[in-house]
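Read through the structure below, which is laid out as structure tokens, and then see the notes.
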Amino acid sequence: MLFLVVFSSLVYSAVGADLQGALNDGWDFTESYLLSLWQNRFYVYTTAAVLIGVWFIVNMLFKKTKTVNSVNLLPYESTKKQELSPVIEKVIHVSGVKVFYGSQTGTAKGFAKELAEDVSTQGIQCEVIDMKEYDPDDRLAEECTSQMICVFLVATYTDGQPTESAEWFSKWLEEASTDFRYGKTYLKGMRYAVFGLGNSVYVGHYNTVSKNIDKWLWMLSAVRIMTKGEGDCNVVKSRHGSVQADFQAWKTKFLSRLQALAKGEKKACSGKCKKSSCKNKKKHKEEAEDSHSLAEKNNSEEELMESSSDAGSSAEEEKSHGSVIDMEDLGNVMNRMKKAKRMEGDEEESQRVKLSKQNGVRKSETEEERREMITPALRDALTKQGYKLIGSHSGVKLCRWTKSMLRGRGGCYKHTFYGIESHRCMETTPSLACANKCVFCWRHHTNPVGTEWRWKMDPAEKIIQEAMENHRNMIRQFRGVPGVRPERFEEGLTVKHCALSLVGEPIMYPEINTFLRLLHQENISSFLVTNAQFPEEIRNLVPVTQLYVSVDASTKDSLKKIDRPLFKDFWQRFLDSLRALGEKQQRTVYRLTLVKAWNVDELKAYSDLIALGQPDFIEVKGVTYCGESSASSLTMANVPWHEEVIYFVQQLANLLPNYEIACEHEHSNCLLLAHHKFKVDGEWWTWIDYERFQELIQEYDESGGTKSFSAMDYMAKTPSWAIFGARERGFDPLDTRFQRKNKTKDISGC
């Protein structure tokens with residue numbers, strides 16, 4: 001160890017001396033070199049500046065050459081690109097049209113197919129889609145970027161609800177429009193148009209579904225390409241005369257708008273006018289049209305939504321999608337709402353009264369200012385069905401049982417139950433309008449509907465005279481027809497009975513009492529049928545030979561489902577009508593129409609209604625299948641067999657201590673329950689002594705109504721062949737039963 005220490009010291013002494021000398025020499029050289037540079041610093045700076053300038057010039061020249069070369073290559077690359085993909089330059093503004101429909105009776109579906117054909121003729125691809133088969137949750141957002149135009153043709157069904165096929169689509173759209181998870185711009189970029197099918201007599205929910213779909217799409221930032229269209233099934237109020245004509249008018253506008261969009265036009269106009277003036281003109285035009293339309297004045301929110309369909313206004317729409325309104329816009333919004341309300345009030349007022357120019361006194365609306373109930377389209381439809389129309393709201397038609405009895409082939413059930421001579425019965429009505437849209441209506445709803453009389457009115461004298469003349473003319477056409485009995489032909493020329501059950505609601509006619517008095521003065525018996533929606537009119541009715549009330553169901557839900565009444569308080573009106581019937585002293589009848597799977601399981605409820613009105617008779621009849629109809633979903637499966645009707649009546653009779661089965665008419669699938677007071681000494685007296693009734697009604701009229709009479713005063717004995725259980729089963733033995741091998745459909749008759 002000592003040796004190592006001594007050795008290290010010696011080495012360090014030798015090397016350290018040499019290193020110190022070297023460092024001193026290096027420092028002397030560096031000092032002299034730096035001093036030389038400082039003395040010649042001018043030359044150093046000049047050389048550095050020259051080098052930097054040369055580098056900068058060379059760099060600039062290189063960049064310029066690169067730019068020129070790249071510019072020279074562009075024409076070649078562009079030409080090459082065009083040769084490879086010439087279609088890329090073409091801009092497609094409309095890639096196609098998708099037509100969505102929600103239909104219950106098939107009308108909207110038919111419109112969708114028709115629209116698709118017309119769109120295809122323009123060279124634009126079109127697809128028809130049933131809303132029931134479309135999942136909006138998965139597919140609707142795709143329409144935001146597809147350049148498609150989406151068209152929605154939707155009908156409004158019972159209580160303003162969507163049809164079964166559109167139910168899920170509407171429900172999803174409603175929830176999405178208020179669901180924060182989707183957001184207010186979920187459908188931004190989607191373009192759409194809406195056309196609704198509805199009936200304006202349902203004032204509370206006219207075209208509700210189309211309005212809602214239009215609103216929900218708008219709330220999700222979809223852009224409306226044109227104003228929503230509305231078709232009205234009520235031919236009286238329809239803008240163009242029918243729902244088909246309304247659709248044709250809207251379709252023409254849509255096809256024109258589609259052509260403009262396909263060309264790339266974003267505005268509904270040519271685009272040459274100023275933005276503000278164009279918008280104002282369009283706005284004023286829409287307001288002018290809306291002031292003449294019932295559909296456009298129901299909802300102030302709808303007024304706010306019906307903004308310009310120009311694409312240029314989409315930015316303004318996006319701003320308005322928020323849940324709040326800017327304070328500076330609040331004044332404009334309120335002014336528009338006030339204006340809409342004022343226009344609505346002015347229009348309603350103009351319908352009620354007219355200001356006299358002479359003295360400024362308000363006068364009641366004259367008959368000349370009212371519209372006729374029978375429009376040209378309605379006249380054509382009813383004439384094709386064999387109606388002889390009278391004036392502006394009445395009609396007469398030859399019943400099939402009238403034709404049958406002229407030939408000696410049997411009469412209707414009224415002949416069996418009450419002794420009517422069917423070949424002398426005139427079936428007519430002073431009002432084609434009705435307050436219900438029953439699913440089993442054999443007129444297929446070609447007649448107008450309404451809740452009050454608002455049409456031009458013809459005098460009762462004119463209606464009766466023309467009805468009798470038209471009826472006789474139809475009877476004369478059977479002169480010489482093989483099988484027609486001469487004696488019955490001669491008798492048929494003289495009307496003896498009038499069945500006010502042709503179509504519609506005769507009790508709506510304001511002069512119905514005058515009409516009945518004139519019938520009785522002509523020695524014509526009256527059989528009036530009402531749908532139990534006008535209790536006050538029933539109470540004010542003068543005596544009739546026999547007054548009917550249709551009791552198509554025994555519960556509120558089933559009545560709503562079967563009769564589809566227009567009145568919102570239909571059930572209360574129904575019950576009040578039955579009470580009003582119970583106050584009558586003359587013959588009263590409940591008419592029950594059995595629809596299998598609809599109303600045949602309500603025995604206890606029926607018995608309660610019978611106890612309410614205490615009718616003299618209860619007619620129970622199986623529904624008559626009238627063939628396929630867009631207005632009804634009934635099929636032959638809903639028609640009960642005669643034995644099923646008998647079983648129902650027997651079960652019902654067991655719940656009614658004061659009633660018993662009296663008569664049967666197998667041919668009409670009908671039975672009669674009669675009150676025990678018409679069973680005298682074990683024999684039924686359900687027939688009517690028509691001569692005696694005419695004497696009683698004459699005494700009643702001459703006494704001013706003080707000398708009244710009851711149903712017991714003009715009853716007659718029922719023949720044995722008409723009694724339930726008889727071998728004839730209600731067929732008159734004086735006639736001959738005729739069976740057709742190839743039976744042609746004939747749905748006329750009462």
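The values are calculated or read from the model by the stated rules, or taken from the named source; none is laboratory data. Note that the structure is a prediction, hence the values are computed from the model and not measured. Counting neighbours? That spans all protein chains shown, and the Cβs are built from the backbone with ideal geometry, glycine included. Just the protein is used for accessible areas: all its heavy atoms, side chains included, with ligands, DNA and RNA removed. Shrake-Rupley method; radii C 1.70, N 1.55, O 1.52, S 1.80 Å.
With respect to the numbered conditions (1) polar (S, T, N, Q); (2) more than 30 Å from residue 567 (Cβ to Cβ); (3) at pLDDT 95 or above, which one is the sole condition not fulfilled by residue 513? Checking residue 513 against (1) polar (S, T, N, Q); (2) more than 30 Å from residue 567 (Cβ to Cβ); (3) at pLDDT 95 or above, the one that fails is (2). Can you say whether residue 96 is open to solvent by less than 40 Å² (accessible area, probe 1.4 Å), in contact (Cβ under 8 Å) with a residue 24 or more places away in the chain and touching a Pro at 6+ places or on another chain (Cβ under 9 Å), as far as the supplied structure shows? Taking the combined requirement at face value, the residue does not satisfy it.
Quick grid of which residues meet (1) open to solvent by 20 Å² or more (accessible area, probe 1.4 Å); (2) more than 21 Å from residue 710 (Cβ to Cβ); (3) of a type in the set (A, V, I, L, M, F, W, C):
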residue	(1), (2), (3)
528	no, no, yes
533	no, yes, no
537	yes, yes, no
546	no, no, no
549	no, no, yes
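Checked against (1) crowded, with 24+ Cβ neighbours inside 10 Å; (2) hydrophobic (A, V, I, L, M, F, W, C); (3) part of a strand (DSSP E or B), residue 389 passes all but condition (1). Taking residues in the stretch 545-571 that are farther than 18 Å from residue 450 by Cα and without any contact (Cβ under 8 Å) to a residue 60 or more places away in the chain, and partners anywhere that are of a type in the set (S, T, N, Q) and not in a strand (DSSP E or B), the pairs with Cβ atoms closer than 6 Å and at least 6 places apart or on different chains are 553/599; 558/599. If you check 693, 709 for being in contact (Cβ under 8 Å) with a residue 60 or more places away in the chain, in a helix (DSSP H, G or I) and within 18 Å of residue 617 (Cβ to Cβ), only one passes: 693. Against the definition (surrounded by 15 or more Cβ atoms within 10 Å (Cβ to Cβ), among the β-branched types (Val, Ile, Thr) and touching a Pro at 6+ places or on another chain (Cβ under 6 Å)), how does residue 209 come out, yes or no? When the stated conditions are applied, residue 209 passes them. Considering the stretch 577-610, the residues that are of a type in the set (Gly, Ala, Ser) and in contact (Cβ under 8 Å) with a residue 40 or more places away in the chain include one that is surrounded by the fewest Cβ atoms within 10 Å (Cβ to Cβ), namely 597. Any residue at all in the stretch 565-576 that's more than 25 Å from residue 470 (Cα to Cα), at pLDDT 90 or above, of a type in the set (A, V, I, L, M, F, W, C) and buried (at least 23 other Cβ atoms within 10 Å of the Cβ)? Yes, the stretch 565-576 contains a residue that is more than 25 Å from residue 470 (Cα to Cα), at pLDDT 90 or above, of a type in the set (A, V, I, L, M, F, W, C) and buried (at least 23 other Cβ atoms within 10 Å of the Cβ). Taking residue 688, is it more than 19 Å from residue 417 (Cα to Cα), open to solvent by less than 20 Å² (accessible area, probe 1.4 Å) and at pLDDT 95 or above? When the stated conditions are applied, residue 688 does not pass them. Scanning the stretch 693-706 for residues that are acidic (Asp, Glu) and over 49 Å from the mean Cα position of the chain (by Cα) turns up 695, 699, 702. Given the condition modelled with pLDDT of 85 or more and surrounded by fewer than 14 Cβ atoms within 10 Å (Cβ to Cβ), answer yes or no: does some residue in the stretch 262-277 qualify? Yes, some residue in the stretch 262-277 is modelled with pLDDT of 85 or more and surrounded by fewer than 14 Cβ atoms within 10 Å (Cβ to Cβ). The set of residues from the stretch 187-245 being in a loop (DSSP other than H, G, I, E, B) and among the basic types (Lys, Arg) comprises 188, 228, 237, 239. Of the residues in the stretch 472-489, at least one is crowded, with 17+ Cβ neighbours inside 10 Å, farther than 28 Å from residue 238 by Cα and within 38 Å of the chain's Cα centre (by Cα). Considering only residues in the stretch 696-706 that are outside any loop (DSSP other than H, G, I, E, B) and open to solvent by less than 30 Å² (accessible area, probe 1.4 Å), the one that is farthest from residue 540 (Cα to Cα) turns out to be 696.
Hey, does the stretch 437-459 have a residue that's among the basic types (Lys, Arg), open to solvent by less than 40 Å² (accessible area, probe 1.4 Å) and at pLDDT 90 or above? Within the stretch 437-459 (the criterion being among the basic types (Lys, Arg), open to solvent by less than 40 Å² (accessible area, probe 1.4 Å) and at pLDDT 90 or above), the answer is no, since none of the residues qualifies.
Restricting 464, 420 to those that are touching a helix residue (DSSP H, G or I) at 6+ places or on another chain (Cβ under 6 Å), crowded, with 21+ Cβ neighbours inside 10 Å and either without any contact (Cβ under 8 Å) to a residue 60 or more places away in the chain or more than 30 Å from residue 730 (Cβ to Cβ) (or both) reduces the list to 464.
Each row is one residue, and each column tells you yes or no for (1) surrounded by fewer than 18 Cβ atoms within 10 Å (Cβ to Cβ); (2) within 16 Å of residue 216 (Cβ to Cβ); (3) modelled with pLDDT of 85 or more.
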residue: 125; (1), (2), (3): yes, no, yes
residue: 137; (1), (2), (3): yes, yes, no
residue: 144; (1), (2), (3): no, yes, yes
residue: 181; (1), (2), (3): yes, yes, no
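Scanning the stretch 159-171 for residues that are surrounded by fewer than 16 Cβ atoms within 10 Å (Cβ to Cβ) and either at pLDDT below 80 or in a helix (DSSP H, G or I) (or both) yields a count of 3. The residue that is modelled with the highest pLDDT, counting only those in the stretch 577-603 that are more than 18 Å from residue 711 (Cα to Cα) and of a type in the set (Ser, Thr, Tyr), is 577. With respect to the stated conditions, residue 621 is assigned to a strand (DSSP E or B) and farther than 30 Å from residue 698 by Cβ. Checked against (1) part of a helix (DSSP H, G or I); (2) open to solvent by less than 40 Å² (accessible area, probe 1.4 Å); (3) under 17 Å from residue 415 (Cα atoms), residue 732 meets all criteria but (1).
Every listed requirement among (1) open to solvent by 40 Å² or more (accessible area, probe 1.4 Å); (2) in contact with a Phe, Trp or Tyr (Cβ under 9 Å, 6 or more places away or on another chain) is met by residue 557 save one, (2). Taken over the stretch 707-726, the residue count meeting the criterion of being at pLDDT below 95 and more than 49 Å from the chain's Cα centre (by Cα) is 1. Set side by side, the residues 411, 504 differ, and just one is closer than 30 Å to residue 638 by Cα, out of contact with any Leu (no Cβ under 7 Å at 6 or more places or on another chain), open to solvent by less than 50 Å² (accessible area, probe 1.4 Å) and small (Gly, Ala, Ser), which is 411.
If the condition is being more than 21 Å from residue 262 (Cα to Cα) and in contact with a Lys or Arg (Cβ under 7 Å, 6 or more places away or on another chain), then the stretch 121-145 contributes only 129. Selection within the stretch 646-681: residues that are part of a loop (DSSP other than H, G, I, E, B) and open to solvent by less than 40 Å² (accessible area, probe 1.4 Å). The member of this set that is modelled with the highest pLDDT is 656.
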